[in-house]
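What follows is a single structure, written as structure tokens, with notes after it.
The values are calculated or read from the model by the stated rules, or taken from the named source; none is laboratory data. In this text, all values refer to a predicted model and were calculated from it rather than measured experimentally. Using ideal geometry, Cβ is built from the backbone for each residue, glycine included, and neighbour counts are taken over all protein chains shown.
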Amino acid sequence: MKSPTPLPYTDTKAVGAADFYFAINATFRFILKKFGEEGLRQYWGGLGSRYFAPVSAAWRARGLEGVAEYWKAFFAAEPDAQVEVQPGTDCVTLNVKVCPAIHHLRKGQREILPCFCQHCYFISEAMAQPANLTVRVEGGNGSCRQIFLRRDPNLPAQDLARIKEATC
């Protein structure tokens with residue numbers, strides 16, 4: 001059955017449950033402790049390539065228009081998100097003014113995994129790759145910019161130092 005939205009799941013709520021952020025922060029922390037940085041990055045890549053495979057397929061079929069549609073729907077369902085999705089002919093830019101995950105983790109007074117914001121790069125890159133797209137992320141720790149564009153061998157690799165560590 002095809003989902004009526006660009007999201008890979010069917011949900012009857014207009015907005016998701018913010019407590020999910022507590023779970024992913026704890027999961028990321030557990031995986032990092034048990035399997036190290038490379039294990040955590042592999043986990044994120046697996047989420048992007050397997051769980052989000054339907055999104056990747058839509059991006060492959062619809063290109064950057066599909067990317068913009070997905071992120072508009074995604075952030076519309078995220079509690080407290082303040083995100084501007086700017087579609088363009090050569091890229092889609094997400095200007096995340098208030099990251100819903102970081103916002104909720106801080107509100108809940110949770111210790112945020114310092115590399116938490118890197119998950120946006122690793123998951124999105126794995127989602128983008130099958131669609132011949134890539135992503136670059138800069139900022140983090142509550143607000144960032146993510147740019148989705150066509151894969152180009154001349155484009156420098158993501159500099160992880162451009163992704164800020166998350167703090168409480």
Among the residues in the range 132-144, are any touching a residue at least 60 places away in the same chain (Cβ under 8 Å), polar (S, T, N, Q) and within 23 Å of Ala166 (Cβ to Cβ)?
no
If you take the residues of the range 80-97 that are crowded, with 17+ Cβ neighbours inside 10 Å and more than 16 Å from Val135 (Cα to Cα), which of them is modelled with the lowest pLDDT?
Ala81
Given the structure, is Glu111 acidic (Asp, Glu), buried (at least 19 other Cβ atoms within 10 Å of the Cβ) and farther than 14 Å from Lys164 by Cα?
no
Give me a count of the residues in the range 142-164 that are in a loop (DSSP other than H, G, I, E, B) and either touching a helix residue (DSSP H, G or I) at 6+ places or on another chain (Cβ under 9 Å) or within 18 Å of Phe52 (Cβ to Cβ) (or both).
3
List the number of the failed condition for Ala73; all other conditions in (1) part of a helix (DSSP H, G or I); (2) modelled with pLDDT of 95 or more; (3) more than 19 Å from Cys168 (Cβ to Cβ) hold.
(2)
Name the single residue that is surrounded by the most Cβ atoms within 10 Å (Cβ to Cβ) among those in the range 115-141 being part of a loop (DSSP other than H, G, I, E, B) and touching a strand residue (DSSP E or B) at 6+ places or on another chain (Cβ under 7 Å).
Cys117
Looking at this structure, is Glu37 under 15 Å from His119 (Cα atoms) and either at pLDDT 95 or above or buried (at least 16 other Cβ atoms within 10 Å of the Cβ) (or both)?
yes
Hey, could you check the range 99-114 for residues that are in a helix (DSSP H, G or I) and of a type in the set (A, V, I, L, M) and say which is farthest from Phe75 (Cα to Cα)?
Leu105
Taking only pairs six or more apart or across chains, which ones have beta-carbon atoms under 9 Å, a first residue in the range 68-87 that is among the polar types (S, T, N, Q), and a second residue that is in a helix (DSSP H, G or I)?
Gln82/Phe75; Gln82/Pro100; Gln82/His103; Gln86/Ala68
